[in-house]
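The values are calculated or read from the model by the stated rules, or taken from the named source; none is laboratory data. None of the values given here were measured: they were computed from a predicted structure. Cβ placement follows ideal geometry from the backbone for every residue including glycine, while neighbour counts extend to all protein chains displayed. Protein only, heavy atoms only, side chains kept; ligands, DNA and RNA dropped before computing areas. Shrake-Rupley method; radii C 1.70, N 1.55, O 1.52, S 1.80 Å.
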Amino acid sequence: MNKFPGFAALIVASISFAQGPDPLKLVDPMIGTGPEGHTFPGATAPFGMVQLSPDTQIRPFKQSYKWAAGYRYEDTTILGFSHTHFSGAGHSDLGDVLLVPVSGDTVPLEPGDTDKPGSGYRSRFSHAGEQAEPGYYSVFLQDPAVRAELTASERVGVHRYTFAEGAQGHVLLDLRSSIYNYPGKVLWSRITLRNDGTVTGMRETRGWAPGRQLFFAIRFSAPMSAHQLYNREEDPPPYRGFKTPGTSPQDTQSIEGRGLEAVFDFAPSSAPLIVKVALSPVSEQNAIANMDAEVPGFDFDRVRARTQQMWREQLGRVEFSASPAMQKSLYTALYHALMAPGTSMDVNGEYRGPDNQVHRAEGFRFVSTLSLWDIYRAEEPLMTLLEPEQRTNDLVRSLIASQRESPFGILPVWQFQGQETWCMIGYHAVPIIADAYMKGIRGYDAREALDAMVASATYAPYGNLGAYMKFGYVPVDHDDEAASKTVEYAFDDWTIARMAGAMGNSTVAAAFQKRAAFWRNNFNAADGFVEPRFENGEYRKPFDPAKAGAGSGFTEGNAWQYSWYQPHDEQGLIDLLGGRDKLTARLDAMFDQKVDPAMYANVEDISGMIGQYIHGNEPSHHLAYLYMYAGAPLKTQARLKQIVDSQYKPAPDGLVGNDDLGQMSAWLIFTSLGFYPVAPGSNQYVLGRPFVDRARLHLPNGKLLTIESVNASEQRGFLKDVLFNGSSLDRSFVTHEELMKGGELKFIFSSEKDAEWSRRALQAPYSDTASR
């Protein structure tokens with residue numbers, strides 16, 4: 001197996017960037033590490049299995065939301081460096097295999113208090129002593145006086161610790177530490193010191209994904225002078241079996257339990273200590289094999305250089321020319337979009353599936369970390385433009401494999417490291433597969449894919465699908481997310497109908513075309529909102545469209561966001577409302593409403609509010625583009641500027657909501673280019689307005705797509721014309737096929753009064769008619 005695929009392309013990319021700005025310098029990994037973004041600043045390879053990053057606090061489970069990525073910019077101490085993190089998740093887990101460099105005569109075994117320096121192994125730090133860039137992170141830990149540097153290959157994290165001259169160096173391994181921690185989360189763990197000095201082990205946790213197992217191998221560049229292995233369970237079970245060989249922590253070679261720590265001692269040396277940590281979802285031996293394949297030596301700088309070249313290739317797929325602030329936001333958004341779904345298999349092709357058994361991927365890379373409720377909207381459509389043959393096909397094949405191996409026989413819902421969490425709603429693996437198929441990305445068995453989609457959409461025990469199929473909507477009698485489920489299921493069903501129709505399967509197409517209209521069964525024409533409905537057909541009263549959270553019938557939102565969620569049938573919505581002007585008025589009312597944020601205080605992931613528009617959560621992401629369906633391009637252009645100006649900036653608090661594994665970032669990328677995939681599976685991108693001076697997309701087929709803004713300024717923020725390859729467009733969308741052929745998409749800006757194109761009778765984007 002080629003350990004570093006694309007190396008030739010990396011060389012080409014490096015030559016290209018020698019002539020222009022290094023994209024690594026245009027990325028700021030600190031963006032989003034502040035209040036709501038939940039991103040991490042540490043080192044990872046593109047779509048890597050390892051995310052090696054500092055953890056600043058590990059709080060009890062119910063206090064953990066702010067530390068979902070382990071790191072929070074306003075913190076002043078670092079616990080250590082763990083090897084797994086989510087980028088921008090709204091819930092969390094991971095933080096596996098925490099290492100801490102320590103100096104001095106004694107090694108504290110507890111983290112200590114943030115406000116009591118020296119009370120434990122955590123250390124003070126300052127941002128002045130930090131450096132973060134793609135593939136590399138460093139920080140000076142003030143208390144042990146250690147410079148810690150981090151880099152990573154796909155499956156191996158590499159640390160470089162520089163201790164003070166003459167200092168006794170130690171490395172602490174704490175297997176108790178975990179993001180979203182609670183007593184009893186670690187079900188079992190093991191640490192073994194092998195005869196050649198390799199440390200191996202495993203940990204099984206009961207967290208977001210119950211029964212998740214992760215294995216590791218650690219090697220050091222210097223021999224240990226001593227070691228200690230501890231089991232520090234606070235509440236040991238009544239029966240612990242018989243003791244393993246060893247009379248003390250110093251002469252114990254292997255230990256198992258639920259509260260494990262280890263300390264590895266090293267003699268003073270003028271040379272930095274290099275530590276390699278390889279991960280595997282399968283076994284300790286596979287972790288060793290991953291290390292041998294990817295990082296056989298201890299050359300930290302070589303690993304860093306290689307990974308950063310990978311990042312240059314990936315970031316080089318799009319060249320952004322914009323204001324310095326926007327350019328930094330965009331390159332960082334692209335960086336965040338290129339992290340997940342990530343590799344979740346070993347170099348020999350073995351992975352752990354949703355049945356918690358070991359399988360082997362034949363001819364594809366098994367990927368996981370699937371925040372499907374988020375990423376089907378823009379993150380994965382972006383990959384169909386940038387990396388369809390590798391990333392999209394690998395993802396689709398991974399989804400099909402997961403359905404095949406699922407104990408329930410359905411596609412993933414929210415999966416990581418191959419394990420299902422059952423988080424969020426919908427069966428949104430379906431639109432990802434359909435979008436790929438409709439775009440001609442077909443490196444998988446399409447018939448098996450369609451069967452998996454139908455199996456997921458007809459599995460009655462999941463998400464009240466039985467009631468949905470019986471009544472044509474999810475009744476709110478026994479489901480507090482019923483209204484949201486109905487409209488999201490209907491869109492997923494439409495994508496099945498699209499793919500089945502394209503494959504010539506008229507029976508499946510007709511069945512799901514009918515279900516695609518079920519969103520109408522929750523739309524109350526009397527007041528023009530999607531509303532919760534009982535089994536007996538009555539709408540629940542009283543109804544407040546602003547009510548969110550428990551008792552609302554909606555998922556992380558309310559009727560002000562969900563009533564306009566029928567991406568496949570916006571003309572149907574317009575007809576039910578009574579015309580285009582009525583939709584425009586409803587959208588205006590949503591954006592302009594005066595809202596007290598306190599009303600959302602107890603609702604998860606509500607942030608970035610503009611009236612009732614909530615950019616920090618995904619159900620709002622397409623809404624500014626709906627003005628285009630209503631024939632009001634000027635309003636789309638104005639609303640997009642309002643959103644971009646208020647919701648993104650190149651700073652730690654530069655994301656108003658969780659990045660959600662790249663979705664928030666992908667929204668900004670698409671919007672900055674001037675178009676957005678409102679309805680994945682339609683093969684159309686709805687036009688907005690760009691926020692770049694110029695962008696060049698190096699398409700995977702060798703074509704070049706250029707986007708250019710002409711005459712754009714604060715005073716000229718509206719579109720006078722839109723030209724594709726020199727011809728003025730008489731429609732409000734472009735197609736995927738057109739973009740993949742390359743060419744030039746030019747946006748001519750003017751003042752509002754001169755914005756002629758924006759006042760034309762443009763052909764509206766796709767809207768389904770067959771299900772009406």
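Here are some notes:
- SER270 being small (Gly, Ala, Ser), open to solvent by less than 10 Å² (accessible area, probe 1.4 Å) and either modelled with pLDDT of 95 or more or closer than 30 Å to PHE140 by Cα (or both): no
- Taking the range 315-358 as the range and being farther than 23 Å from ASN393 by Cβ, crowded, with 24+ Cβ neighbours inside 10 Å and not hydrophobic (A, V, I, L, M, F, W, C) as the test, the residues that pass are SER329, TYR331, THR332.
- Qualifying position, being surrounded by fewer than 24 Cβ atoms within 10 Å (Cβ to Cβ), within 20 Å of ASN356 (Cα to Cα) and small (Gly, Ala, Ser), among SER406, SER398: SER406
- Checklist (1) open to solvent by less than 50 Å² (accessible area, probe 1.4 Å); (2) farther than 19 Å from MET599 by Cβ applied to GLY504, failing item: (1)
- Residue, farthest from LEU187 (Cα to Cα), within the range 250-267, restricted to residues that are open to solvent by 10 Å² or more (accessible area, probe 1.4 Å) and among the aliphatic types (A, V, I, L, M): ALA267
- Of all residues making up the range 194-231, the number that are outside any loop (DSSP other than H, G, I, E, B) and of a type in the set (Gly, Ala, Ser): 4
- Tabulated pairs, the range 101-120, first over 19 Å from PHE140 (Cβ atoms), second part of a strand (DSSP E or B) and open to solvent by 30 Å² or more (accessible area, probe 1.4 Å), C-beta under 7 angstrom, 6+ apart or interchain: LEU109/TYR230
- Restricting the range 156-183 to residues that are within 23 Å of ARG304 (Cα to Cα) and β-branched (Val, Ile, Thr), the residue that is most open to solvent (accessible area, probe 1.4 Å): THR162
- Taken over the range 227-237, the criterion of being open to solvent by 40 Å² or more (accessible area, probe 1.4 Å) and touching a residue at least 24 places away in the same chain (Cβ under 8 Å) is satisfied by TYR230, ASN231, ARG232, GLU234, ASP235.
- Any chance GLY135 is buried (at least 18 other Cβ atoms within 10 Å of the Cβ), under 27 Å from ARG304 (Cα atoms) and in contact with a His (Cβ under 8 Å, 6 or more places away or on another chain): no
- Here is the figure for the range 591-622: residues that are among the hydrophobic types (A, V, I, L, M, F, W, C) and crowded, with 23+ Cβ neighbours inside 10 Å total 1.
- For the range 364-395, filtered to residues that are in a loop (DSSP other than H, G, I, E, B) and surrounded by fewer than 24 Cβ atoms within 10 Å (Cβ to Cβ), the residue that is nearest to the chain's Cα centre (by Cα) is GLU387.
- Qualifying residue in the range 209-220 (condition: modelled with pLDDT under 95, open to solvent by 40 Å² or more (accessible area, probe 1.4 Å) and of a type outside the set (Val, Ile, Thr)): yes
- Filter result (part of a helix (DSSP H, G or I) and within 18 Å of GLN642 (Cβ to Cβ)) within the range 584-613: THR584, ALA585, ARG586, LEU587, ASP588, ALA589, MET590, PHE591, ASP592, PRO597
- Answer from PHE416, PHE366 - the residue that is under 21 Å from ALA293 (Cβ atoms) and either out of contact with any Gly (no Cβ under 7 Å at 6 or more places or on another chain) or of a type in the set (Phe, Trp, Tyr) (or both): PHE366
- Hits in the range 750-772 (condition: exposed (fewer than 14 other Cβ atoms within 10 Å of the Cβ) and either in contact with an Asp or Glu (Cβ under 8 Å, 6 or more places away or on another chain) or assigned to a loop (DSSP other than H, G, I, E, B) (or both)): SER751, ALA761, GLN763, THR769, ARG772
- Evaluated against (1) open to solvent by less than 10 Å² (accessible area, probe 1.4 Å); (2) aliphatic (A, V, I, L, M); (3) without any contact (Cβ under 8 Å) to a residue 40 or more places away in the chain, ALA128 falls short on exactly one condition, (1).
- Within the range 729-747, none of the residues are among the hydroxyl-bearing types (Ser, Thr, Tyr), at pLDDT below 95 and open to solvent by 30 Å² or more (accessible area, probe 1.4 Å).
- For GLY246: the one exception among (1) under 30 Å from THR162 (Cα atoms); (2) part of a loop (DSSP other than H, G, I, E, B): (1)
- Some residue of the range 530-548 being in contact with a strand residue (DSSP E or B) (Cβ under 8 Å, 6 or more places away or on another chain), closer than 27 Å to ASN658 by Cβ, in a loop (DSSP other than H, G, I, E, B) and open to solvent by less than 60 Å² (accessible area, probe 1.4 Å): yes
- One residue from SER123, SER153, SER119, SER87 being surrounded by 22 or more Cβ atoms within 10 Å (Cβ to Cβ), among the polar types (S, T, N, Q) and farther than 30 Å from PRO296 by Cα: SER123
- Filtering the range 249-272 to residues that are in contact with a Ser or Thr (Cβ under 6 Å, 6 or more places away or on another chain) and assigned to a loop (DSSP other than H, G, I, E, B) leaves ALA267, PRO272.
- Given (1) at pLDDT 95 or above; (2) surrounded by fewer than 24 Cβ atoms within 10 Å (Cβ to Cβ); (3) within 18 Å of the chain's Cα centre (by Cα), index of the condition TYR65 fails: (1)
- Matching entry among ILE432, ILE410 (being in contact with an Asp or Glu (Cβ under 7 Å, 6 or more places away or on another chain) and within 27 Å of GLY211 (Cβ to Cβ)): ILE432
Each row is one residue, and each column tells you yes or no for (1) at pLDDT below 95; (2) hydroxyl-bearing (Ser, Thr, Tyr).
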position	(1), (2)
TYR565	no, yes
GLY572	no, no
ASP575	no, no
LEU587	no, no
ASP605	yes, no
ILE614	no, no
PRO619	no, no
LEU626	no, no
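- Being assigned to a strand (DSSP E or B) and over 21 Å from PRO111 (Cβ atoms) is a description that applies to GLU149.
- Candidate set from the range 294-310 (those that are open to solvent by 20 Å² or more (accessible area, probe 1.4 Å) and of a type in the set (A, V, I, L, M)); member that is nearest to ARG155 (Cα to Cα): MET310
- Subset of the range 665-684 that is small (Gly, Ala, Ser) and open to solvent by less than 10 Å² (accessible area, probe 1.4 Å) - its residue that is farthest from the chain's Cα centre (by Cα): GLY674
- Selection count, the range 438-491, where residues are more than 20 Å from GLY549 (Cα to Cα) and among the charged types (D, E, K, R): 7
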